[in-house]
Structures are given as structure tokens and as C-alpha cells.
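Input: a single structure, listed below in C-alpha cells.
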Amino acid sequence: MIYLRLFLTFLKIGAVSFGGGYGMISLIRDDCLANGWLTEAELLNFIAVAESTPGPIAVNMATFVGASQGGIFGALLATLGVVLPSFFIILLIASVLTHLLKYRGVQAVLGGIRPVIIALILGTAVTMLMSLGFGIKNIQSTPILDSNVLIVLAVVAVIHFAYFRWKKRAVSPILLILLSGAMGVLLYGA
């Protein structure tokens with residue numbers, strides 16, 4: 001039954017993920033592709049939409065995947081599945097957090113988890129760039145350069161770094177998303 005699979009899959013993702021939504025993207029990708037729920041291209045589109053809509057990206061992704069597979073009820077169950085573990089873990093941690101953080105072992109565990117989260121986020125970003133910019137879906141794929149992706153990436157990066165150098169703060173991600181969307185319309189057509 002699709003509803004139970006959606007709920008249990010996103011419950012598992014929510015239970016074993018650290019580092020927020022970006023750390024979950026690689027797990028969501030693997031499970032969606034393994035279950036045949038989405039293609040790589042559909043997943044990348046869902047990530048773009050989830051990134052540009054209000055709310056946490058993992059919750060948005062769960063909602064979109066659930067809706068695509070099981071309608072409104074599927075969206076509700078997938079979203080509930082991804083949120084429940086965090087809710088209960090935060091509830092538990094909040095009750096004992098002040099006492100736990102003074103222990104060096106807890107600090108060491110949290111310090112060890114941070115690099116893994118960074119690696120997961122960077123790995124997902126590289127996978128997305130290879131897929132979108134070079135058409136590489138797997139190890140046997142022949143690279144096909146999509147210069148439009150690289151143009152958008154270069155323009156956004158230049159604007160980000162120039163603005164940061166000029167204003168000493170980051171440009172609004174919303175403005176960068178809107179700029180990227182406008183450039184996509186110009187480069188790929190409506």
C-alpha cells in the first residue's frame with residue numbers, strides 16, 4: 001500500500017537524518033529513485049520548487065513526493081512521517097538539553113556529526129551539478145555540457161560574492177532564486 005510506504009519511508013528519513021533538510025536530500029533522492037516514485041529530472045525539479053517555496057526543504061520535499069504518489073492523503077502522511085521523529089527528539093532533548101551539553105562526550109558526538117552533514121550537503125550539490133550541468137546520471141554517462149546551467153551558476157555566484165564584498169553581508173536567497181528563475185526563462189524559454 002502506497003500510503004504506508006510513503007509514511008514509513010519518510011519516517012525513516014526523518015529518524016536517521018541530521019543537519020536539517022539539506023542533509024536529508026540525499027536520502028530522499030535515494031529512496032525516491034529506489035521506489036520508482038520519481039525520475040532524476042523530476043526529483044531535481046521538486047528540489048528546485050521545494051527550495052523556492054516557504055518552509056523547510058525536507059518537509060516541502062516530503063509533501064511534494066507524497067502528493068505526487070498518493071494525492072493529498074499521501075502528502076499528509078509523507079509530511080507527518082518526516083516531521084514526527086524530529087518533533088519527538090526535540091521534545092526529549094529540550095527536557096534534558098541543559099544537563100547533557102555539559103558532558104564532553106555529547107559535545108564530541110555533535111562535533112563528529114557536523115563534518116558528515118557538510119559532506120552530505122556537498123555531495124548532493126555535486127550530484128545535482130553533474131546531472132544538470134553535464135548530463136551525468138551515472139558512472140557510464142557521457143558528459144554533455146549544458147552551458148545555460150553554468151551561466152546561471154556563474155552569474156549567481158558573481159552577484160553573491162560581489163554583493164558580499166560590497167555590503168559585507170549575503171544577498172537575499174529569495175532575490176537569487178527569483179534571478180535564477182528569470183534567467184531560466186530567458187535561457188530556456190517559457
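Nothing in this text is a laboratory measurement; each read-out follows from the coordinates by a stated rule. Note that the structure is a prediction, hence the values are computed from the model and not measured. Note: ideal-geometry Cβ built from the backbone for every residue, glycine included; neighbour counts use all protein chains shown.
Hey, what do the phi angles of the stretch 154-163 turn into as Karplus ³J(HN,Hα) couplings, whole Hz, using 6.51/-1.76/1.60 and θ = phi - 60°, x for Gly and Pro?
3J(HN,Hα) across the stretch 154-163, in whole Hz: 5, 5, 5, 5, 4, 4, 4, 5, 5, 5.
If one puts a single equal scatterer on every Cα of the stretch 111-190 and applies the Debye formula without solvent, what log₁₀ I(q)/I(0) results at q = 0.13, 0.20, 0.25, 0.27 Å⁻¹?
Result of the Debye calculation: -0.56, -1.04, -1.14, -1.17.
Taking 25 °C and 0.890 mPa s as the conditions, I'd like the Stokes-Einstein D for the stretch 56-154 in µm²/s, using the Kirkwood hydrodynamic radius from alpha carbon pairs.
Estimated diffusion coefficient is 143 µm²/s.
If I take all pairs of Cα atoms in the chain, what percentage of them are more than 24 Å from each other?
Of the Cα pairs, 50 percent sit more than 24 Å apart.
What FRET efficiency comes out for the pair Ile159/Ile118, r = Cβ-Cβ distance, R0 = 22 Å, nearest 0.05?
Once rounded, the FRET efficiency stands at 0.40.
So how compact is the stretch 146-190: Cα radius of gyration and Dmax in angstrom?
For the stretch 146-190, the Cα-based Rg and Dmax read 11.3, 35 Å.
Working out 0.36 nm times the residue gap between Tyr188 and Leu4, then minus their Cα-Cα distance, what length gain in nm do you get to one decimal?
Fully extending the segment from Tyr188 to Leu4 adds 62.4 nm.
Tell me, what ³J(HN,Hα) does each residue in the stretch 81-86 have, in order and in whole Hz, if you take phi through Karplus 6.51 cos²θ - 1.76 cosθ + 1.60 with θ = phi - 60° and put x for Gly and Pro?
x, 6, 8, 3, x, 5
Please identify every one of the trypsin sites (Lys or Arg not before Pro) in the stretch 55-160 that sits in a loop by DSSP and has no more than 14 other beta carbons within 10 Å of its own beta carbon.
Listed in order of number, the matching sites are Lys102, Lys137.
Using the alpha-carbon centroid of each, what span in Å lies between the stretch 136-189 and the stretch 1-45?
Cα centroid of the stretch 136-189 versus Cα centroid of the stretch 1-45: 25 Å apart.
How big is the dipole moment of the chain about its Cα centre under a simple scheme where the beta carbon of each Lys and Arg is +1, that of each Asp and Glu is -1, and everything else is neutral? Debye, nearest 20, please.
760
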